[in-house]
Amino acid sequence: MSYVPRLKAEYKERVVQALTEEFSYKNADKKLIDYALEELTKITGQKAISTMSKKDIAAFKLRKGMPIGAKVTLRGDKMYEFLDRLVTASLPRVRDFNGIKANGFDGRGNYNLGITEQIIYPEINIDQVKKINGMDITFVTSADTDKEAKSLLGELGLPFKKN
């Protein structure tokens, strides 16, 4: 028998059940992943793949290997095309947009940006959207520092907020 920390056991036995009852957590519709894959493919111009769960979570009726998300990695021309459409067409469609925050750097020259609604992209028809989804966009650069990366991304057109 292996050691299980007391708090971890309490979390699994009591906390998950209490939160599920209080907030009405339920398992996601499996078709939503298919819709997300389809929309992400439309947005990026490259086929998206689904991400799989790494472990079982009984409270959420989640089994290891079930699809739980979608991702795509862009390189080369498709990456530049996506960045151009993001800056010129999508970000200006965000309500009350004043620029993106400059605190999304990770200390190694990479930048993370969160989008709350996929409907800012012109490729998405709002009438056909089943559920509003957000997404995280990560810009991996060859810059060594955050300052270099911010200058690079700023020159490429990302509209950072002025402090």
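Laboratory data are not the source of any read-out in this text; all were calculated from the coordinates shown. Just so it is clear, the structure is predicted and the values come from calculations on it, not from any experiment. Positions of Cβ are backbone-derived with ideal geometry, glycine not excepted, and every protein chain shown enters the neighbour counts.
Numbers at a glance
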| read-out | value |
| --- | --- |
| Charge sum, other residues only, whose C-beta stays under 15 Å from Glu123's C-beta, Lys/Arg counted +1 and Asp/Glu -1 | -1 |
| Per-residue ³J(HN,Hα) for the stretch 55-61, Karplus 6.51 cos²θ - 1.76 cosθ + 1.60, θ = phi - 60°, Hz, x for Gly and Pro | 8, 7, 9, 5, 4, 9, 6 |
| ³J(HN,Hα), Karplus 6.51/-1.76/1.60, whole Hz, each residue of the stretch 143-151, x for Gly, Pro | 5, 8, 10, 5, 5, 5, 5, 5, 5 |
| Kirkwood-based Rg to Rh ratio, the stretch 73-163, C-alpha trace | 0.97 |
| For the stretch 1-121, size of Cβ-based charge dipole, Lys and Arg +1, Asp and Glu -1, in debye | 460 debye |
| Amide H partners (placed H, <5 Å) of Gly69, local residues excluded | Thr51 |
| Normalised per residue, the volume of the convex hull around the Cα set of the chain (Å³) | 188 Å³ |
| Close Lys-Lys pairs in the stretch 73-163, where close means Cα under 24 Å and separation is 8 or more or interchain | 9 |
| Extension reserve of the Phe23-Val87 stretch, reckoned as 0.36 nm per residue once the Cα distance is removed | 19.4 nm |
